[in-house]
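Each remark here refers to the structure printed beneath this line.
The values are calculated or read from the model by the stated rules, or taken from the named source; none is laboratory data. This is a predicted model, so every value here is computed, not measured. Please note: Cβ atoms are built from the backbone with ideal geometry, for glycine as well, and neighbour counts cover all protein chains shown. Note: areas computed on protein heavy atoms with side chains; ligands, DNA, RNA excluded. Shrake-Rupley method; radii C 1.70, N 1.55, O 1.52, S 1.80 Å.
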Amino acid sequence: MSTWHHRTVPKLLVITNTRAGGARDGAVGTALGVLRAGGDGVEVADLDPDALPGVLERHPGHRPVVLGGDGSVHLLVATALRLGLLDRPPFEFGLIPLGTGNDLARTLGLPLDPARAAEVVLDGKERDLDVLTDDAGGVVVNAVHLGVGAEAGRRAVPLKPRLGRLAYPVGSAVAGASARGW
């Protein structure tokens, strides 16, 4: 699997979670403006877990572009796995980081500014990513957390709307103080 960045831009399927933290404040509009100016046909779909399989199937000639964070990327890749799209390499997608932590985007060195990230989607280069799958259909795109690390992430989720990126260190502190570990 690879993130997608080519100079010849095919039609794009922009997938965005309008309920996510980074989707507000005009970031989506900014990114869409850059993509529409440089792309050849841009379709937009809301990141709805129930509707995503149908959206991907209705747009087979479009390259997905995630406007969101690590959870949005995970949902796209997990859905592509279920649909068999990862079995037809290369599965390519673009990422414009609008999540809370944007760990994958930071790891890849992607700009966090929506306009600059959209330019990378249009003009950047392809990067290969490894994907870990299990026998039960689970998929890991970015990182695996076990024990206290997994508990820290679980504790951070309800704090994200109020604390943003600070939810992760607070979740870690609470997990470190309360989790029993293994």
Scanning for something touching a helix residue (DSSP H, G or I) at 6+ places or on another chain (Cβ under 6 Å), touching a residue at least 40 places away in the same chain (Cβ under 8 Å) and among the small types (Gly, Ala, Ser), does segment 62-77 turn up at least one residue? no
Checked pairs for segment 112-132, first open to solvent by 40 Å² or more (accessible area, probe 1.4 Å), second polar (S, T, N, Q), C-beta under 8 Å and 6 or more apart or across chains, list as Leu112/Asn102; Glu126/Ser2; Glu126/Thr3; Arg127/Ser2; Arg127/Thr3; Asp128/Ser2
Is it the case that Leu98 is buried (at least 20 other Cβ atoms within 10 Å of the Cβ) and in the same structural domain as Leu122 (by the TED database)? yes
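Got a sec? Which of Leu86, Leu32 is surrounded by 15 or more Cβ atoms within 10 Å (Cβ to Cβ), touching a strand residue (DSSP E or B) at 6+ places or on another chain (Cβ under 9 Å) and modelled with pLDDT of 90 or more?
Numbers: Leu86 fails: modelled with pLDDT of 90 or more.
It is Leu32.
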